[in-house]
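The values are calculated or read from the model by the stated rules, or taken from the named source; none is laboratory data. All figures in this text were calculated on a predicted structure; none of them were measured in a lab. In this analysis, Cβ positions are derived from the backbone assuming ideal geometry, glycine residues included, and neighbour counts consider all displayed protein chains.
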Amino acid sequence: MTEPAPHMTPEQFRQHGHEVVDWIADYWTRIGSLPVRSTVAPGDVRAALPTAPPEQGEPFADVLGDLDRVVVPGLTHWQHPGFFGYFPANTSGPSVLGDLVSAGLGVQGMSWVTSPAATELEQHVLDWFADLLGLPASFRSTSTGGGVVQDSSSGGNLVALLAALHRSSGGGTVRRGVEPDRATVYVSAETHSSMEKAVRIAGLGSDAVRIVEVDGDLAMNPGALAARMERDVARGYTPVLVCATVGTTSTTAVDPLAAIGPICQKHGAWLHVDAAYAGVSAVVPELRGLQDGVEWADSYTTDAHKWLLTGFDATLFWVADRAALTGALAILPEYLRNAATDAGAVVDYRDWQVPLGRRFRALKLWFVLRWYGAEGLRAHIRGSVALAQELAGWAEADDRFDVLTPHPLSLVCLTPRWPAGVDADVATMTLLERLNDGGEVFLTHSTVRGSVVLRVAVGAPTTTRAHVERLWALLRENHDWLAADFAEQAAERAREAAARAEEQSRIAAERAAAEAAAAQQPASDAEPAAEAPATVSAEIGVPVEAPATQDETAAQAAAQEQLPPA
Ligand SMILES: Cc1ncc(COP(=O)(O)O)c(C=O)c1O
């Protein structure tokens with residue numbers, strides 16, 4: 001007879017669940033004392049794990065113990081107050097608890113009928129967020145469009161493209177696939193790489209991508225976009241989609257939606273707005289102006305899992321015409337048929353995304369919204385922006401750093417200044433490594449117009465003014481240390497060059513003297529003396545040392561004379 005599986009009973013779950021919550025709370029309490037960036041070497045984590053999986057179940061305490069022993073040392077702590085890298089990846093108590101409930105319910109919300117609450121709560125929360133972010137009325141579920149939680153903005157960019165291809169082909173892609181030789185997609189050099197990845201996944205291939213020029217602020221130039229589209233149309237191409245970014249990954253540049261929208265409309269191209277990081281800032285009315293023209297958008301993506309206190313994955317994605325999206329993705333095998341779907345009375349979110357299955361992610365968004373309220377979310381965004389602006393102000397007033405402008409949100413890009421003769425990119429990367437090795441802070445870099453810049457992304461929930469002040473102190477201290485080191489290296493190089501120059505002039509003088517002496521001798525004496533102590537090599541023009549053995553032998557003989565008798 002087979003033994004029953006040793007399931008965790010509800011009582012055991014209660015006990016260990018409390019232990020896990022305690023463990024997370026303790027982790028959050030001590031996180032500021034840990035080095036932000038993991039210090040393990042490749043393979044260290046695996047080396048700490050047994051080669052074979054456990055044959056028998058193990059005590060839960062051992063698992064928790066291994067979190068501290070194996071996992072924590074191998075973590076870069078994204079919730080650390082000194083984390084200023086990439087973009088933030090916020091989580092929060094209510095988000096974790098919402099995820100816990102979702103995991104505990106374990107429902108699969110692929111269709112409305114599989115758990116109506118999963119679908120309807122998601123629709124409702126997305127409508128709330130559309131209001132909070134000031135998005136167009138067409139994005140509401142009560143209009144032609146609607147919102148959905150996607151796994152990532154990369155996924156959002158992909159489904160936007162699939163919907164655009166569906167619309168542009170009049171539905172033809174469903175049966176005939178894409179026309180890679182005709183379709184064109186417009187991005188700028190600053191657009192996130194996931195858009196080009198989407199183009200490849202969709203089967204168009206990178207040749208379909210048109211990289212539109214940016215202006216001085218690194219935002220897409222609408223005139224250049226219009227010119228490229230005109231040219232493509234004249235050559236028989238079909239502009240399918242323009243991806244405009246609100247808050248580019250490198251520098252948070254903002255493509256001008258209000259100017260781009262009418263150009264898209266003229267050519268029938270789908271306007272997708274990728275606002276992965278910056279979109280959520282629109283909860284703050286005074287920041288909403290960055291997205292002026294968003295009413296032109298056919299689709300829009302922003303990540304609550306970056307800067308809006310909700311753990312990964314929680315991408316908020318909207319579309320103005322849901323029929324284009326579901327037209328591209330809907331497929332109804334017999335085993336998924338049900339009366340509600342057949343009646344067309346419900347939304348089945350499996351038709352809005354690539355996978356079939358989906359978690360109940362709206363729960364954590366709902367928990368977050370209800371814990372913080374809109375005002376709490378605004379306070380978080382405003383707080384990060386204010387700290388970033390303060391840092392930018394300090395750096396602008398300091399002659400060791402240049403600040404890349406504009407910096408409207410919570411990312412500040414700094415270009416350290418270095419003395420002439422120093423390779424600035426190498427120096428900046430060295431500064432970055434010194435800062436990150438120190439363990440108190442963590443930053444990342446990018447390149448802007450071919451030069452390395454340091455990116456400081458403020459936004460971890462625990463970051464306070466004191467942490468930003470500390471970062472600023474570390475930036476200055478390490479810059480000073482490196483600048484002094486570079487100056488010392490430059491002085492050393494100058495000393496070596498001077499010594500070399502002196503040696504060369506001494507050699508030249510000796511050679512001139514030797515040539516003068518040779519010129520004064522009669523022709524028969526001109527043969528070089530075999531025992532001459534030094535001679536001039538014909539090939540390289542420098543004196544060749546006399547054989548050392550003569551001197552050594554003499555020195556050894558002299559030394560032996562000094563030895564005591566054997
Ligand atoms: C502008 C932009 N788009 C897309 C992405 C990808 O986001 P995700 O990790 O949600 O796929 C990022 C990530 O930083 C981004 O900055």
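Residue-level analysis places residue 109 outside the set of residues that are touching an Asp or Glu at 6+ places or on another chain (Cβ under 9 Å) and part of a helix (DSSP H, G or I).
Put simply, of 179, 122 the only residue that is at pLDDT below 95 and more than 16 Å from the ligand (Cβ to nearest atom) is 179.
Sort out which residues of the stretch 268-316 are assigned to a strand (DSSP E or B), among the aromatic types (Phe, Trp, Tyr) and within 13 Å of the ligand (Cβ to nearest atom), and write them in order of number.
As a first pass, look at the stretch 268-316 and keep what is assigned to a strand (DSSP E or B): 270-274, 299-303, 315-316.
Retained after the next criterion (residues that are among the aromatic types (Phe, Trp, Tyr)): 270, 300.
300, the sole residue that qualifies.
Residues of the stretch 385-398 that are outside any loop (DSSP other than H, G, I, E, B) and free of Cβ contacts under 8 Å to residues at least 60 places away in the same chain: 386, 389, 392, 393, 396. Picking from residues in the stretch 201-215 that are closer than 20 Å to residue 249 by Cα and within 16 Å of the ligand (Cβ to nearest atom), the one that is surrounded by the most Cβ atoms within 10 Å (Cβ to Cβ) is 212.
Taking the stretch 77-104 as the region of interest, how many residues are within 16 Å of the ligand (Cβ to nearest atom) and either more than 9 Å from residue 460 (Cα to Cα) or not β-branched (Val, Ile, Thr) (or both)? Break it down stepwise before answering.
First, the residues of the stretch 77-104 that are within 16 Å of the ligand (Cβ to nearest atom): 78, 83-91, 95.
Okay, now just the ones that are also either more than 9 Å from residue 460 (Cα to Cα) or not β-branched (Val, Ile, Thr) (or both), so 78, 83-90, 95.
Matching residues across the stretch 77-104 total 10.
Can you pull out the residues in the stretch 140-167 that are of a type in the set (Ser, Thr, Tyr) and surrounded by fewer than 22 Cβ atoms within 10 Å (Cβ to Cβ)? Once the filter is applied, which keeps residues that are of a type in the set (Ser, Thr, Tyr) and surrounded by fewer than 22 Cβ atoms within 10 Å (Cβ to Cβ), the stretch 140-167 yields 141, 142, 143, 144, 152, 154. Residue pairs whose Cβ atoms lie under 6 Å apart, sitting 6 or more positions apart in sequence or on different chains, and linking a residue in the stretch 134-163 that is closer than 20 Å to residue 313 by Cα and not assigned by TED's automatic domain parsing to the domain that holds residue 281 to a partner that is within 16 Å of the ligand (Cβ to nearest atom) and among the acidic types (Asp, Glu), do not occur here. Checking each residue in the stretch 353-384 for being part of a helix (DSSP H, G or I) and touching a helix residue (DSSP H, G or I) at 6+ places or on another chain (Cβ under 6 Å) picks out 362, 363, 364, 365, 366, 367, 368, 371, 374, 377, 378, 381. Taking the criterion of being among the hydroxyl-bearing types (Ser, Thr, Tyr) and within 15 Å of the ligand (Cβ to nearest atom), the residues of the stretch 238-253 that qualify are 245, 248, 249, 250, 251, 252.
Among the residues making up the stretch 147-164, those that are part of a helix (DSSP H, G or I) and more than 14 Å from the ligand (Cβ to nearest atom) are 162, 163, 164. The one condition from (1) free of Cβ contacts under 8 Å to residues at least 12 places away in the same chain; (2) away from the ligand (no atom under 13 Å from the Cβ) that residue 193 does not meet is (2). Anything in the stretch 44-85 that is touching a Phe, Trp or Tyr at 6+ places or on another chain (Cβ under 8 Å) and within 23 Å of residue 435 (Cα to Cα)? List them, or say none. Residues satisfying the conditions are 72, 76, 77, 79, 80, 82, 83, 84, 85. Residue 331 meets the conditions (1) closer than 19 Å to residue 354 by Cα; (2) under 28 Å from the mean Cα position of the chain (by Cα); (3) part of a loop (DSSP other than H, G, I, E, B) in every case but one. The failed one is (2).
Could you tell me how many of the residues in the stretch 68-85 are surrounded by 15 or more Cβ atoms within 10 Å (Cβ to Cβ) and outside any loop (DSSP other than H, G, I, E, B)?
Quick first cut of the stretch 68-85, residues surrounded by 15 or more Cβ atoms within 10 Å (Cβ to Cβ) only: 70, 72-73, 75-85.
The next check asks that each one be outside any loop (DSSP other than H, G, I, E, B); those that pass are 70, 72-73, 83.
Counting residues in the stretch 68-85 that are surrounded by 15 or more Cβ atoms within 10 Å (Cβ to Cβ) and outside any loop (DSSP other than H, G, I, E, B) gives 4.
Please verify whether the stretch 481-499 includes one or more residues that are free of Cβ contacts under 8 Å to residues at least 24 places away in the same chain, surrounded by 14 or more Cβ atoms within 10 Å (Cβ to Cβ) and assigned to a helix (DSSP H, G or I). No, because not a single residue in the stretch 481-499 is free of Cβ contacts under 8 Å to residues at least 24 places away in the same chain, surrounded by 14 or more Cβ atoms within 10 Å (Cβ to Cβ) and assigned to a helix (DSSP H, G or I).
Give the stretch 460-478 a look and list any residue that's in contact (Cβ under 8 Å) with a residue 24 or more places away in the chain and not hydrophobic (A, V, I, L, M, F, W, C), or say none. If you could, list the steps in order and put the result at the bottom.
The first filter runs over the stretch 460-478 and keeps only residues in contact (Cβ under 8 Å) with a residue 24 or more places away in the chain, leaving 460-465, 467-468, 470-472, 474-476, 478.
Selection gives 461, 462, 463, 464, 465, 467, 470, 476, 478.
Please determine, by comparing only the residues of the stretch 247-268 that are in contact with a Leu (Cβ under 6 Å, 6 or more places away or on another chain) and touching a residue at least 40 places away in the same chain (Cβ under 8 Å), which one is surrounded by the most Cβ atoms within 10 Å (Cβ to Cβ). Filtering first and then ranking leaves 252.
Among the residues making up the stretch 86-106, those that are of a type outside the set (Val, Ile, Thr) and assigned to a loop (DSSP other than H, G, I, E, B) are 86, 87, 88, 89, 90, 92, 106. Hey, any hits in the stretch 227-237 for a residue that's surrounded by 22 or more Cβ atoms within 10 Å (Cβ to Cβ) and either more than 16 Å from the ligand (Cβ to nearest atom) or closer than 29 Å to residue 86 by Cα (or both)? Yes, that holds for at least one residue.
Might you let me know whether the stretch 341-357 holds any residue that is in contact with a strand residue (DSSP E or B) (Cβ under 7 Å, 6 or more places away or on another chain) and among the acidic types (Asp, Glu)? So far as the stretch 341-357 goes, no, none of its residues is in contact with a strand residue (DSSP E or B) (Cβ under 7 Å, 6 or more places away or on another chain) and among the acidic types (Asp, Glu). Residues of the stretch 255-267 include at least one that is within 13 Å of the ligand (Cβ to nearest atom) and either touching a Pro at 6+ places or on another chain (Cβ under 6 Å) or part of a loop (DSSP other than H, G, I, E, B) (or both).
Results for (1) free of Cβ contacts under 8 Å to residues at least 12 places away in the same chain; (2) over 18 Å from residue 483 (Cα atoms); (3) surrounded by 22 or more Cβ atoms within 10 Å (Cβ to Cβ); (4) assigned by TED's automatic domain parsing to the domain that holds residue 217, shown as yes or no for each residue.
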site: 406; (1), (2), (3), (4): no, yes, no, no
site: 427; (1), (2), (3), (4): no, no, no, no
site: 435; (1), (2), (3), (4): no, no, yes, no
site: 445; (1), (2), (3), (4): no, yes, no, no
site: 458; (1), (2), (3), (4): no, yes, yes, no
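Examine the stretch 529-549 for a residue that is assigned to a helix (DSSP H, G or I) and at pLDDT below 95, and state whether such a residue exists. Yes.
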